[in-house]
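Report on the structure given below.
Any read-out appearing in this document is the output of simple, stated calculations on the displayed coordinates, not a laboratory observation. Just so it is clear, the model here is predicted, and its values are computed rather than measured. When we count neighbours, we look across all protein chains shown, and the Cβ atoms used for this are built from the backbone with ideal geometry, even at glycine.
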Amino acid sequence: LGGSGENVLLPSLVLVDSNSSKLPPVKKIRGGHLHTCLLTCSGEIFSAGLGKNGRLGYPCVTEESRFRRLEKTAANEDVVWMQDIDCGFAHTAAIDGNGRVLTCGAASCGALGHGRNVMDQNFLRTVEGVPRCSLVACG
């Protein structure tokens, strides 16, 4: 990750998409199967890796080798301040500043919490009926 498209064996600086000049300080890094998400101290989420199934939080069916900031939710709301993130095998979950749980990615077997007959989600979508939370974990 970070722009080379090659496996990296030693710690290296990562690149951010061309719309962001500098990555803000990061407070959390989470990895799923072939994707990685960063949560910044200011509550922004950046993701990179395989875009299949919507796991990156934005439409991308190939590989995103530079970290890109998530900007919109499925409800077309701005992704403003997130307090927690985690990555599952092919999905991502986040908790926003109001304690709402949001998920995106592969919806198989109800993994996103939106029900069984739901398509994969390309954008973070609020999980209805879940009480306010402060932490999230994916399997």
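Observations on the model:
- Calculated from backbone phi, Karplus (6.51, -1.76, 1.60) coupling profile of segment 108-122 in Hz, x at Gly/Pro: 4, 6, x, 4, 8, x, 9, x, 7, 9, 10, 6, 3, 10, 7
- Here the dipole of the chain is about 140 debye; that uses its Cα centre as origin and unit charges on the Cβ of Lys and Arg (positive) and Asp and Glu (negative).
- Length gained on full extension, PHE89 to SER134, computed as 0.36 nm times the residue gap minus the Cα-Cα distance: 14.1 nm.
- Considering only PRO131, VAL61, ALA94, and ranking their Cα positions along the charge dipole of the chain that arises from unit charges at the beta-carbon of Lys, Arg, Asp and Glu, the one farthest toward the positive end is PRO131.
- Each other residue within a Cβ distance under 13 Å of ASP86 adds +1 if Lys or Arg and -1 if Asp or Glu, for a net charge of +2.
- Residue by residue, segment 93-106 carries 3J(HN,Hα) couplings of 10, 9, 10, 8, x, 9, x, 6, 8, 10, 9, 8, x, 5 Hz when phi is fed to the Karplus relation 6.51 cos²θ - 1.76 cosθ + 1.60 (θ = phi - 60°); x denotes Gly or Pro.
- The candidate values were [x] 17.1, 58; [y] 15.9, 50; [z] 14.0, 43; the one computed from these coordinates for Rg and Dmax of the Cα atoms in Å carries the label [z].
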